[in-house]
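S.K.: Structure below; questions to follow.
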C-alpha cells in the first residue's frame, strides 16, 4: 500500500528491515550507545556484522530524537541511519521526540542524496510506545517533512507482524484520504 502527497511516495509493507535490498538506507531503531541489542537494533547489527558496532562506537551516545549515519557493512544497503526513539512514559515530549527521529533521519538521507529509505516502527517495541499513537505521529511527521525533501523519492515503512502492519496501514490510509494511491 502506498500514497504520494506533495513529495515522495510513502509505502507500507510487512517484512524484515534487513532484507530491503532495493533501498539505499535503512533506519535502525537504536539504543543510545548504538550497540547491538534486541529487536530491530539486534537484527540490523547481526546482519551487518561486527564492523557496524565498531563504526558506531565513536558516534555514541545519542539522545532521543537524534539520528546519525553509518555505512551498511554486510547489509544490502550502503547506509544505516540510527535513531534513538523515546522511551514511552520517560522521555518527554514523547510525540515530539518520535517525530524528530523521522525528521532527522530524513535530513541525514538528504545530506547523502539518498533516494529510497526504509524505516521500522521506531519506539514501539521495548521502548513501549503504543503502536496506534506511534503510527499517528509517524505518518504526520513523514507527511510534514515530505515537501522539503529533494532527494528522497520513496519512504518505506517496514513492519514486522500483521498487528503492527494493520495499525500503521490504518494510520496511513486515514491520513492519506484524498491522496493519490500509487499502484
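The values are calculated or read from the model by the stated rules, or taken from the named source; none is laboratory data. All figures in this text were calculated on a predicted structure; none of them were measured in a lab. Glycine gets a Cβ as well: all are built from the backbone with ideal geometry, and neighbour counts include every protein chain shown.
S.K.: In the range 1-17, which residue that is under 21 Å from residue 148 (Cβ atoms) and out of contact with any strand residue (DSSP E or B) (no Cβ under 6 Å at 6 or more places or on another chain) is surrounded by the fewest Cβ atoms within 10 Å (Cβ to Cβ)?
M.R.: 6
S.K.: If you go through the range 78-113 one residue at a time, how many are under 14 Å from the mean Cα position of the chain (by Cα) and closer than 18 Å to residue 21 by Cα?
M.R.: The number of residues fulfilling the criteria is 5.
S.K.: For the range 19-40, enumerate the residues that are surrounded by 23 or more Cβ atoms within 10 Å (Cβ to Cβ) and either over 15 Å from residue 155 (Cβ atoms) or without any contact (Cβ under 8 Å) to a residue 12 or more places away in the chain (or both).
M.R.: Residues satisfying the conditions are 28, 29, 30, 34, 40.
S.K.: Can you tell me which residues in the range 61-72 are surrounded by 19 or more Cβ atoms within 10 Å (Cβ to Cβ) and closer than 15 Å to residue 35 by Cβ?
M.R.: Scanning the range 61-72 gives 62, 68, 70.
S.K.: Got a sec? Which of 32, 47, 41 is touching a strand residue (DSSP E or B) at 6+ places or on another chain (Cβ under 6 Å) and part of a helix (DSSP H, G or I)?
M.R.: One residue alone meets the criteria, 41.
S.K.: Now for a different question. Just for the range 7-29: of the residues that are in a loop (DSSP other than H, G, I, E, B) and at pLDDT below 95, which one is nearest to residue 56 (Cα to Cα)?
M.R.: 8
S.K.: Continuing with the same structure: Looking at 143, 112, which one is modelled with pLDDT under 95 and surrounded by fewer than 21 Cβ atoms within 10 Å (Cβ to Cβ)?
M.R.: Answer to the selection: 143.
S.K.: Further question on the same structure: Considering (1) at pLDDT 95 or above; (2) loosely packed, with under 15 Cβ neighbours inside 10 Å, say which one residue 44 fails and leave the rest.
M.R.: Among (1) at pLDDT 95 or above; (2) loosely packed, with under 15 Cβ neighbours inside 10 Å, residue 44 violates only (2).
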